[in-house]
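Engineer: This is the structure, below, for whatever I ask next.
Rule-based calculations on the coordinates, nothing more; no lab input. All of these numbers come straight from a predicted model, not from anything done at the bench. Because the Cβ atoms are built from the backbone with ideal geometry, glycine has one as well, and the counts that use them run over all protein chains shown.
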Amino acid sequence: MNFEKNENQKMIAQMVRDFAEKEIKPNLNKWDADEYFPIETMKKMGELGLLGMYIPEQYGGSGFGYFEYATALMELGKVCGGVGLSVAAHNSLCTGHIYYHASEELKQKYLPKLTSGEFIGAWGLTEPNTGSDAMRMKTTAVKDGEYWVINGAKNWITHGLSGDVAVVLVRTGELLDSNGITAFVIEKGTPGFSAVKIKDKFGVRASETAELIFDQVRVHESQVIGQVGQGFKQAMQILDGGRISIAALSCGVARGAYEAALKYAQEREQFGQPISKFQAIGFKLADMATQVEAAELLTFQAADLKNKKQGLTKQGAFAKYYASEVAVICGNEAMQIMGGYGYTKEYPAEKFLRDARLMTIGEGTSEIQKLVISREILK
Ligand code: COS
């Protein structure tokens, strides 16, 4: 693995930094306060190529690999974990599921719209009663001629309300049959398909989260992704890749918190000197810097495997688990270094901490990552 950033990564980092400075930073406190999902900003990121990062150009994507994708998310995470989460979910989950598993016809139908930002994508696996234990999902699809009739609900779905299209995992077989779950692409406006926004989240408040409701939703069989019954395994593979994106975003949040704390510690004076000169603060900064670097290396290691089309179940879980925990540590330590100021919205530490907390929960909790890692090493 090459430890130097390639030219595309350098270009993307600069582009995202410039974009975030101009379009995100001035608004992020308002979006956070109002729980406003900035869909117009998403559309602009579509124009910049950030919504189809690793999708080939033939489908309107940017045709980059996972190094470039991770780099973009690291830069977004440094500024706003909420906006970063939306970009990660759109790329890795909805768009990725169609790209990696759908028929050529479905790819042609949806990928150009998703990569350009004309369509915002959602992805539904989790249900109100089945989170970590995804296999026990209760939402069902029953065949009726050329159609499938879907009933049930999905929960914690990013872009559930604003998404133009959702990839949804639904039971088509027996409970606990790993070949009894199927993925469907469902368009907004399909009769019986509705959504309710989830309010009052702790963090990532600029990213929209909703519950999806399916009441006798009729979906044509041509909207099935891949083979009937293969949805669970497809979803597991999508999550393996998706965990790179949450790891990258976590690295960004962690670095953002670290850099803000470093700046503060060099400016803030107590007892006649900058507080960075005190070993108690210097050691905190040293720990944060070391952990951020390690998290980035794990993330790029997983990205490297993905670029080489090799299995990354274990390394994706390593990266997601470690980087998300580091993001929480860095958010927390940044707040401690900033003291009373860090406890207010005037300084960025509290938002980094709130956004970081989602990273250890979404796309598989830290406990699920440890389950996946332990199963891999004990195989
Ligand atoms: N890639 C491909 N296939 C996989 C896989 C992977 N990473 N992980 C599991 N599978 C396959 C298994 O090989 C197994 O296939 P067979 O039945 O043919 O042997 C099948 O999927 C079922 O796997 P397993 O027996 O491990 O299922 P479990 O129910 O025990 O648990 C976990 C699977 C816990 C790993 C899964 O439910 C999970 O990831 N849960 C967390 C879900 C999550 O992250 N949700 C957040 C979504 S927010 S976007």
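Engineer: Starting with the fewest neighbours, write out 243, 357, 136 ranked by other beta-carbon atoms found within 10 Å of each beta-carbon.
Structural biologist: In order of increasing Cβ crowding within 10 Å: 136, 357, 243.
Engineer: What number, rounded to the nearest 500 deg cm²/dmol, is the helix-based mean residue ellipticity at 222 nm of the chain, given -39500 (n - 2.57) per DSSP H run of at least four residues and division by all its residues?
Structural biologist: Numbers: 12 runs with 189 residues, N = 379.
Calculated from helices alone, the mean residue ellipticity at 222 nm is -16500 deg cm²/dmol.
Engineer: Which far-off residues, 5 or more places away or on another chain, put their amide H under 5 Å from the one on residue 225, with H placed in the peptide plane?
Structural biologist: Counting only residues 5 or more places away or on other chains, the set is 183, 184, 185.
Engineer: Once you have a ≥ b ≥ c as the square roots of the Cα gyration tensor eigenvalues for the stretch 105-224, tell me rounded if a/c is under 1.5, and otherwise prolate or oblate according to whether a/b is larger than b/c.
Structural biologist: Judged from the Cα gyration tensor, the stretch 105-224 comes out oblate (a/c at least 1.5, b/c at or above a/b).
Engineer: May I pose another question? Rounded to two decimals, what ratio of Rg to Rh does the stretch 257-379 give with C-alpha atoms and a Kirkwood Rh?
Structural biologist: Dividing the radius of gyration by the Kirkwood radius yields 1.08.
Engineer: Positive end of the charge dipole of the stretch 256-379 (Lys, Arg +1 and Asp, Glu -1 on Cβ, about the Cα centre): tell me which of 322, 377, 340 has its Cα farthest that way.
Structural biologist: 377
Engineer: Out of the stretch 257-308, which chymotrypsin sites (Phe, Trp or Tyr not before Pro) are coil in DSSP terms and have no more than 14 other C-beta atoms within 10 Å?
Structural biologist: 271, 278
Engineer: Within the stretch 316-379, which GluC sites (Glu not before Pro) sit in a loop by DSSP and count at most 12 neighbouring Cβ atoms inside 10 Å?
Structural biologist: Numbers: sites: 325, 333, 346, 350, 363, 367, 376; in loops: 346, 363.
Answer in residue order: 346.
Engineer: When only Cα pairs under 8 Å and 6 or more residues apart are kept, what is the percent relative contact order across the stretch 193-268? Provide the component values of the computation, followed by the final result.
Structural biologist: Values: 25 pairs, mean separation 15.4, N = 76.
This gives 20 percent for the stretch 193-268.
Engineer: Something else: Lysines within cross-link reach of residue 138: Cα-Cα under 16 Å, excluding same-chain residues under 8 positions apart?
Structural biologist: Qualifying lysines at Cα under 16 Å: 154.
Engineer: Gaussian network model of the chain, Cα springs within a sub-10 Å range: biggest mean-square fluctuation belongs to which of 279, 369, 291?
Structural biologist: Result: 279 has the largest fluctuation of those listed.
Engineer: Which whole-angstrom value gives the distance between the alpha carbon centres of the stretch 339-379 and the stretch 203-263?
Structural biologist: The stretch 339-379 and the stretch 203-263 have Cα centres separated by 15 Å.
Engineer: Test of understanding: ordering 186, 39 by Cβ neighbours within 10 Å, fewest first, what list do you get?
Structural biologist: Ranked by crowding around the Cβ, least crowded first: 39, 186.
Engineer: Please name whichever of 264, 37, 71 sits farthest to the positive end of the charge dipole of the chain, dipole taken about the Cα centre and charges placed at Cβ: Lys and Arg +1, Asp and Glu -1.
Structural biologist: About the Cα centre, the residue reaching furthest to the positive side is 264.
Engineer: Number of Lys-Lys pairs in the stretch 295-379 under 18 Å by Cα, sequence gap 8 or more or different chains?
Structural biologist: Values: 306/314; 306/320; 314/370; 314/379; 320/370; 370/379.
Total qualifying Lys-Lys pairs in the stretch 295-379 comes to 6.
Engineer: Would you list, by chain and number, the aspartates and glutamates whose Cα falls below 12 Å from the Cα of residue 188, excluding same-chain residues fewer than 8 positions away?
Structural biologist: Candidates past the 8-residue exclusion: 164.
Engineer: What list of whole percents do you get for P(r) of the chain, with Cα-Cα distances grouped in 10 Å bins up to the one holding the largest distance?
Structural biologist: 5, 25, 34, 24, 9, 3, 1, 0
Engineer: Using the 10 angstrom Cβ neighbour count as an exposure proxy, how do 94, 80 rank, fewest first?
Structural biologist: Ascending number of Cβ neighbours within 10 Å: 94, 80.
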